[in-house]
Amino acid sequence: PGKASQVKLVLLGESAVGKSSLVLRFVNREYVDNREPTIGAAFLTQKCHLNDRSIKFEIWDTAGQERFHSLAPMYYRNAQAAVVVYDITKSATLEKAKSWVKELQRQAHPEIVIALIGNKLDLVQGEPESECLRQVNKEDAQAYAHEAGLLFFETSAKSSENVDLVFAGIAKDIPLE
Ligand code: GTP
Ligand code: MG
């Protein structure tokens, strides 16, 4: 019989990068366009199985709007994992993500597992001209993530591409009892 473990996870990143959409894709297997911004934070849980272990994610989906910034420490303080999200079609959101990573590395638990996620991959796929929408080069973001010791994925909450890989990757990296 496998061991059950709880993993406290926090999502951070600028407003509208798709944090809530990623979590709802992972937990409820759903996606809606034009989601309302999160107010404060939302709490969700999801169980998953990795090898013979059962893992329960306890997820705090924080609000990215600047007026909620001061609440964030409450949610990342006890977190074992953080998912820091940016939008690959908006380079300013990567800068914001980097500042969250710095804050986590200074203030969160020293062993926290951090994943950097470039979301909205669907927007740059398909038509040849759609690649023009991309503002963040994948190799550059990946190199930064590697240097900073972060997991890295590009995802689409809309198409669901790579979303499960994020959580499986985190589960694998967390030392569980
Ligand atoms: P806050 O709660 O304000 O911090 O925003 P958020 O990061 O939770 O963003 P949210 O999930 O609400 O998504 C913002 C907008 O982007 C919504 O209109 C979503 O439908 C859209 N969106 C989210 N993920 C994707 C994606 O993977 N692809 C595309 N094309 N749109 C997305
Ligand atoms: Mg949200």
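Output the residue which, of all residues in region 5-18 that are under 19 Å from Lys56 (Cα atoms) and open to solvent by less than 80 Å² (accessible area, probe 1.4 Å), is farthest from ligand 1 (Cβ to nearest atom). Only one residue fits best here, namely Ser5.
If the condition is being touching a helix residue (DSSP H, G or I) at 6+ places or on another chain (Cβ under 7 Å), modelled with pLDDT of 95 or more and open to solvent by 20 Å² or more (accessible area, probe 1.4 Å), then region 19-41 contributes Arg25, Glu30, Tyr31, Thr38, Ala41. Of all residues in region 19-45, those satisfying the criterion of being under 14 Å from the mean Cα position of the chain (by Cα) and either hydroxyl-bearing (Ser, Thr, Tyr) or within 6 Å of ligand 1 (Cβ to nearest atom) (or both) are Lys19, Ser20, Ser21.
Taken together, the criteria place Leu94 among residues that are modelled with pLDDT of 95 or more and surrounded by 20 or more Cβ atoms within 10 Å (Cβ to Cβ).
Tell me yes or no: at least one residue of region 81-94 is farther than 22 Å from Tyr144 by Cβ, touching a strand residue (DSSP E or B) at 6+ places or on another chain (Cβ under 9 Å) and within 16 Å of ligand 1 (Cβ to nearest atom).
no
The values are calculated or read from the model by the stated rules, or taken from the named source; none is laboratory data. Since we're looking at a predicted model, the values are computed, not measured. Reconstructed Cβ throughout: ideal geometry from the backbone, glycine too, with neighbour counts over all protein chains shown. Surface accessibility is based on the protein's heavy atoms, side chains included, excluding ligands, DNA and RNA. Shrake-Rupley method; radii C 1.70, N 1.55, O 1.52, S 1.80 Å.
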